[in-house]
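Scroll down for the structure; my scribbles are underneath it.
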Amino acid sequence: RNQTVLSLVFGYHLTFEIVDSRHPGCPPEFMNIQVPKGDPVFDPTGTGKVLLPFQRGQWDKESGQSPSNPRTQVNSVTAWIDGAPSMVHLLLDSLRNFSGGLLSSGSEWNMPNQGGGRNFMWSAADPSTGEHGPQGLYELGNAWANENMFTAAEGIIWFRYHNYVASKLHKEHPEWSDEKLFQHARKTVVATFQNIALYEWLPGYLRGKKLPPYPGYQKFVDPGISPEFQAAAIRFGVTMAPPGVYMRNKTCHFQTIMNMDGSTSPALRLCNSFWKRQSNNVKTSQDVDNLLMGMASQIAEREDNIVVEDLRDFMYGPQRFTRTDLVALTIQRGRDFGLQSYIHVRNALDLPPVKTFEEINPELNRNNPQLLLDVAELYDRDISKLELFPGGLLESTDGPGPVFSAIILDQFERIRNGDRFWFENKQNGLFTDEEIQMIRRVTYHDVLIAVTAAEATDIQKNVFFWRDGDPCPQPTQLTTSVLQPCTNATKLNYFNGSQAAFGIFITAMMLFPLVSYLVACMVAYLRKYRYRKFQRRKGKAAGRAEEPAVGITAYEWQGHKKQLLPVSVEVKKKQLQVFDRSGSSHRILNLGNQDYLDVLLSNDCHHKALILKVPKEYDLVLLFDDESKRTEFVGCLRLEVADIRQEIRVKEMSEKTLLKEALTKEERAQIVETFIRHAFSKVLEIEKCDAGDMGGISRKRAREVLQCELTASEFADALGLKPDSLFVDSMFTLADKDGNGYLSFQEFLDVIKIDEISNGALSKKQAEDGIKAMMEAAGFNNKEKVSWADFHFLLKDHEKELQFAQLNVKGMEKQEKRRLNRDQRVSFICPASSTNKTEGPELRRRKKLMETKTPNVYVKPKRERYIRNPLQQKIQQFKRFVENYRRHIMCLMVVYGITAGVITERCYYYAVQAKATGMPETSAVGIIFARGSAAGVSFLFPYMLLTVCRNLITLCRETFLSRYIPFDAAIDCHRFMAMTAIILSVVHTLAHVVNIYIFSISDLNILSCLFPKILPNNGSEVPPRWYWWFFQTVPGTTGVFLLFTFAFMYVFASRYFRHISFRGFWITHYLYVVVYILIVIHGSFALLQEPRFHIYLIPPALIFLLDKLISLSRKNVEIPVVRAELLPSGVTHLEFKRPQGFMYRSGQWVRVACLMLGTDEYHPFTLTSAPHEETLSLHIRA
């Protein structure tokens, strides 16, 4: 029929106006097409594993819920024939020039803008070069206008025609505003396009079939696009597409085309013209004119069942697989739409039924019967299975067959009759009768002549057909043999070139804690350096101020990792006195109590070291400045001991060996501790395994330990008292039987035993005398042994005297199956059950209390040791732990239970309801972990604030809540919650690292489902690079800053660095303000879900702010320190002057800041003074 290529392209343009079902649906669903093994184009290696990508289209979310409510696909554009431009107001305004009613032009006045970078134009990738993005594409009213250079030229025609009509109206009505000119020009262009489409193009396309006369607007007609029309019938035009398109000028000179590889061709190759950004052949407006004139002269392919390879094997596809098969996609699209079979549709249209494949097209059956046989084999020779699109192609001969013709005619009739703004509708008042008739006389030829350089005689009158005698016949019907070959399909990995940078950045993020650790180490080193510098400066100042008046200067060595102590030593009056540089006595050694003195000297390292072995104390290790001072000290020592005829045994060895032989003060303290443990184990019946042993020291050292004796200061430390205590002095004097100034092991045992007995009402002597009298009265004084029966008889004789006595019976450790503690291992002598009425009420009350609260009499206790195996011990320890910390455990269970609940809820939402959220399956796991951990963090971080609300905790501690909540352990709870929150933050980060990698290799149409607000699907397919997610999104940037902040906060909050630099901990912990601000911003951007963090934050934040305001409103008072004292066990006692009017109650705490450390570094301490005292006191373990 000699339809021109221009007719085909016009039909494509018309289809784009009313149909757009190519947008992928959300969530992404794939129905990939299996390629036959060994396909020469798609599977040349014969793997049999090649799939053509196919993503299902958009659908109405309210549909597809049940068999009675099948899925309804969504048409992304209206069914109205709006012409160009047909956009919403926002996008339409972006095309306007806002001057003279014109559309904005580009480099030439009659060419649209190009490469503006706007997202409303569909911008798929060029399959030949891989170029993508909106740059280089024309900005036209039709989003798909740039699919190929030929449809782009068609769009340019209507762009020019709008400006042509607007300019004409402006000349006729110069007083009209831009808006009025634009709207009048627009409605004229739309009406012209409607007229050409339905009254010029459509009859020719349908082989003379015309629409019935316009009946006027019919409001009950549904103009919606039918699935059969958009998924099958209108796609019949693919059979008309040629493999190439000619270009010619007005003189009928057909242009030679320059190909990408430098070769030449007679025409533009269709398969290499998709989504072209740069073309050497179509650059200027004149090139567009030549292309349009070439399409008007070129005859399209025959309308039959044959499709050229440019669309069958080299249609553009996604960048992951740049080529695809348009016929296969169309058939698959019909399956996606759920189209009825060809036979079912034919019956619905009241067409004559067909029962065999041969009856579909008798002419085709005569000319090519094998084709019908092959198709029948594909459908198991069951014609009821034949799909609509293949059936429609098979019935066609020189144009659409009866089924497609009926569908197309019905669709355009419904569009026309149901359009209230149709140009022929006189009721809408858009046009007068005269204007309507004028529009009806306009043809597509008139439009082309008006907007191109062609003259009226350069193009035939009916541009949709070429007849003999028309101008400029084509040189020949094009075949693939004379054209440039199609570029082959290529695969693209979106992540190529990003592996190294991505890995480096993730590694850098993982090094955040290491960087903060190094910074913390530097801070700790500076603190130590400044402290050592201060100590040296203080020592030098003290040295200059007070030089030792007597003795020989030296340095006392206290251990391998301890500093040397500057001292001076003096020998006189049978004593060796050691002074510090300030002149205070540091240590005094008695020399007269020893038979000999062992002195060890170093024979290397400048001969400076000396050890004086002290059997009953730790060794004195001295390092002298030079050998002469050491010799002087030894000489003084010899002179002093010569008067008492004492021997000095000198032995030389290397300094290393000498220091190894030394018994330091620290080692002595460990030995004394073991000594004391064993002593107490003898008295308190503690097993030796619990008392400690001396297995870790040598036999020689063990012998020295057993021979050593306690000094008075060591004895005071053992009792936990001050050395100058009157009680310590009295007890030490009492226990030191030999008067040598030391306590031996037996003497120390006697002290403990006396203390045990003195806890009762009788002294040791009184108890022994009382027991002796009782034995004599009972007649047992001559017995060597006393049986239990005798002992019970003895107690029965003294029933009244021992009415309320308690005897601790050694060996009675169990009562039935219950283990008794030491205080319960007693025997009670109870009277008969009858009560003496003459006893006083107080005595009866005490006896009743005794009967109800004390066990029965045990006269035959079994001495059975209750030995537990390791498992029983662990179980017992666990029971005790649960008993002691039951409130803590319950509170943590509540906190972690809520945390687990919110995490589970989010994980369930994104795991089970993933389809409803539009989440693709490829990123499901990462998103589940990310959202679950984020929910846990959202709960923990806000409610962590409640654990540091001091005023609230103080108030609640005095209420009944303290029975159930351990308010004193608030900081411990704070630590647990913080550690859990950081673990969840790490999980959240790792999950998003996985997500970002998956996002970086996923198609944009998948990501646009997940992030529709920030990633609109414009067809470019290429996802944002990995760095876009980290640095160009608010959640990514704030997330990186949060990780950096967490690294510093948590490292400086560790126990080690907190003790070294509390100020560093305090300053970094003030970053919590930054953390909460960043978290709010991080979650408010709502990439995946609506913000929820504020729901958790608001209640605890308000309470925390109120608590802070109360703390800030309290008065800070600077008070002087009256007294400072260092007590045993590392306790510092501070006494302050009590401020005037300061009132408090026992057990309350205050926050104290040392002005030398800073006024913002406060520490809470409990007041140990009584409210009536005139001073305030604190006891600090430091």
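All of the numbers you see were taken from the coordinates with simple rules; none came from a lab. Note that the structure is a prediction, hence the values are computed from the model and not measured. Cβ placement follows ideal geometry from the backbone for every residue including glycine, while neighbour counts extend to all protein chains displayed.
Values as computed for the structure displayed
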| read-out | value |
| --- | --- |
| Dipole of the range 395-515 [Lys/Arg +1, Asp/Glu -1 at C-beta], most positive-end residue of Ser396, Phe505, Ala454 | Phe505 |
| Long-range Cα-Cα pairs in the range 1121-1181 (distance over 13 Å), rounded percent | 65 percent |
| Flagged links, alpha-carbon separation over 20 Å, of Lys210/Lys355; Lys629/Lys665; Lys528/Lys561; Lys171/Lys461 | Lys210/Lys355; Lys629/Lys665; Lys171/Lys461 |
| Asn1116 versus Ala501: modelled label distance in nm, points set 7 Å from Cα along the beta carbon direction | 4.8 nm |
| Whole-Hz ³J(HN,Hα) from phi, Karplus 6.51 cos²θ - 1.76 cosθ + 1.60, for the range 245-255, glycine and proline x | 10, 7, 10, 9, 9, 5, 8, 6, 8, 7, 6 |
| Relative compactness, the range 546-663, computed as alpha-carbon Rg over 2.2 N^0.38 Å | 0.99 |
| Per residue, the convex hull volume that the Cα atoms of the range 170-286 enclose (Å³) | 244 Å³ |
| Whole-number Å³ per residue for the convex hull built on Cα positions in the range 446-532 | 264 Å³ |
| Cleavage-rule hits (GluC sites (Glu not before Pro)) in the range 434-501: DSSP loop, at most 10 neighbouring Cβ within 10 angstrom | Glu455 |
| Ranked packing of 42-53, 177-188, 1134-1145, most packed first, by mean Cβ within 10 Å | 177-188, 42-53, 1134-1145 |
| Peptides 900-910, 258-268 ordered by average Cβ neighbours within 10 Å, highest first | 900-910, 258-268 |
| Ranked Ile875, Ile408, criterion: other C-beta atoms within 10 Å, fewest first | Ile875, Ile408 |
| Built amide H within the under 5 Å cut-off of Asp598, gap 5+ | Lys613, Arg649 |
| Cut-off under 5 Å, modelled amide H: who pairs with Phe30 long-range | Arg56 |
| Least to most buried among Ser68, Ser713 (fewest other Cβ within 10 Å first) | Ser68, Ser713 |
| Ascending count of other beta-carbon atoms within 10 Å, so fewest first, for His445, His1179 | His1179, His445 |
| Burial ranking of peptide ranges 97-106, 499-508, 148-157 (average Cβ count within 10 Å, highest at the top) | 148-157, 97-106, 499-508 |
